[in-house]
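Written out below as structure tokens is the structure these notes cover.
Each reported figure results from applying straightforward, stated rules to the coordinates on display, with no laboratory input. Worth saying up front: this structure is predicted, and the values here are computed from it rather than measured. Neighbour counts run over all protein chains shown; Cβ positions are idealised from the backbone, glycine included.
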Amino acid sequence: MIAKRSPRRSDSKSSFKTLANYITDQKNGGAKVAYSQVSNCKSDRPTLAVAEIEATQALNTRAKNDKTYHLIVSMREGDSPTPEQLQDIEQDICSAIGLADHQRMSAYHTDTNNPHLHIAINKIHPETLRMVEPYYDQYRLGEACERLEIKHDLQVDNHAHDKKATRKATPELDEMREGGQKPLADWLAERKPDLGKVENWQQLHQAFAALGVELKRRGNGLSILDVKSGIAVKASAVDRQLSKAQLEKRFGVYQASPAVPEDKQGQYHTTAGHIGRSASRVALWDQYTQERNHAQAARQAAYKRIREAKAKELRRIKLEYEEKRAGVKRGDLARLRKSKQAAYSRLKAARVAATERVTQQAGQQRAEVRVQHAQPDWREWLQVRAGQGDEKALEALRTAKPRKAPEQANQIAGDCDDGTLFGRYQHQVHRNGAVTYRFKSGVLVDHGRQLSIGSKPSPELIEAGLKMALHKFGKNVQIKGNREFLAAAQPIAAKLGVGQSKRPRNPSALEQFIQAKNRQAGGKSDMLYYRRWQKGGTYLFLGVEESDQRRFVILQGANQKFVKELTDAEAQQLQAASQGSSLSLSDKGAIQIKRNLKRR
């Protein structure tokens, strides 16, 4: 679903009546209108509503800009929202741009492959008579569409976002993380020296040298360089305490470091990433970086040729200008001074015009090079490969940005995600890893472990979804949704033998540990019960316990105890914490000890 504002007239004199006649299709007797509505007017009749709106607009004599806002909400092919859903979509979108209480008319057109909702809104508030102009509305419309796509189980589109609000400080690092790689900044953050034990610059340099990196001055700040790979990162990106200003407060003016010993080089490896360290994912990342580097090299070579050609042409223009100017100076074509000055002016104007032509031509050539050697980002690259049938790329795409199906959607779910792509069906891979399949009877959306179906699917579409689920998940599937969907799916599932067998799920080691702890606490009313840790926050550290060669941390929340399984690195980190310490956990489980450290 895409919502956009229709272009405004340059003279700001659009007619609400003309727009209302267009969206209600008065010319053809409303043949292409499947649904229409009048909102916030005293009458529901379109002719009376138009008269009321134009009267309201006439009461505001100060506004000079256009008083009418025309919004178009376009659906994807295959989407068929109900009138109730269209009412909710209209109200939500108008609220997002601050026009919820304004008078408006809407009509839903179905004469094209992409059905669309026209909304004509009076920007003059009916009570205050002030005109409301929704600035930067494209960003708020995009956010509303994303929200409504999930709420009403509509197909996903790309939307505009506020670049100022969403711009990331380190896009290269974020891209590496999504690619399953570990940036140098993250690697150093896990191994940085304890500044509490460092007393001067030399000790700090020695601590970094032991990691095979070097702390160096760069511009007005400091950077950390991995000596073997040549990769560098801003020191303050690793830790704010490593900024030049903070370090000079502690150790005085910066002092250069000695050379890093050769036996200390080469410890950092980018492939030890956070997620998806499978061989296929590493191979995809290597291929992506090779293509990106090749595109960058080709682009830079093309830029160099353009620069050289431009410089050569500018030199030719300069020499030609100087030669003609010298001819005017020594010739007798313009004996009077005034005539010479006019000749000089003409020559200079010709030189400026020729220089501008060369500069403009070089700019166009650079733009063509950018298009010719454009390189998509990591997710876009995976999206293209997945669309071509690469199931490993689809699996990596879903790991990079997993997507959950809407909670209330009609869906068929399984307990695995094998990344299957059904190439024999018309399909589209989205940036978030969802795959849309189009059938004559409707649309299916594969979210990995769920197949989402529309609100009122046909029997043919349900059967196609169950056959697809049988291939993806086997016979053990869960069918969820409203009563109508369940009633229609049950006989089809029985015919196909889907969803009939239920395999008992073996509890994980974490679940077994939690069950054992709760059994131990069963007879004590003053004992808090244990649950699986799920979200970030601040907790009290109660200790680490081991079961079946696995280690678990016990955390105290506000009125509940939580359990989280530990990696080897996390268990080693918590050796520095004493019981009663305050731990801060991120939503992804990263642990930070806040106070009460054990002294060694």
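Observations
- Label-point separation in nm, R431 to K13, each point 7 Å along Cα→Cβ: 4.1
- Relative pair counts by distance (%), Cα atoms of the stretch 1-101, 5 Å bins: 2, 10, 18, 24, 25, 14, 6, 2, 0, 0
- Helix-only [θ]222 nm of the chain, DSSP H runs n ≥ 4, -39500 (n - 2.57) each, per residue, nearest 500: -13000 deg cm²/dmol
- Sites E77 and T128, calculated FRET efficiency, Cβ-Cβ separation with R0 30 Å, nearest 0.05: 0.15
- Ratio of the Cα radius of gyration of the stretch 74-128 to 2.2 N^0.38 Å, where N counts its residues: 1.24
- Those trypsin sites (Lys or Arg not before Pro) in the stretch 424-460 that DSSP places in a loop and that have at most 13 other beta carbons within 10 Å: R424, K440
- Length gained on full extension, R551 to R307, computed as 0.36 nm times the residue gap minus the Cα-Cα distance: 81.7 nm.
- Global geometry of the chain, whether rounded, prolate or oblate, following the gyration tensor of its Cα atoms and the 1.5 cut on a/c: oblate
- Candidate aspartates and glutamates - alpha carbon under 19 Å from K13, same-chain residues fewer than 8 apart omitted: E52, E54, D66, E133
- For the stretch 1-95, the list of trypsin sites (Lys or Arg not before Pro) that fall in a loop by DSSP and count at most 12 other C-beta atoms within 10 angstrom reads R9, K13, K42, R62, K64.
- 19 Å Cα-Cα threshold exceeded, pairs from K182/K228; K192/K216; K234/K304; K192/K535; K192/K234; K182/K594: K234/K304; K192/K535; K182/K594
- Here the calculated FRET efficiency for K594 and R240, from their Cβ-Cβ distance with R0 = 22 Å, stands at 0.85, rounded to the nearest 0.05.
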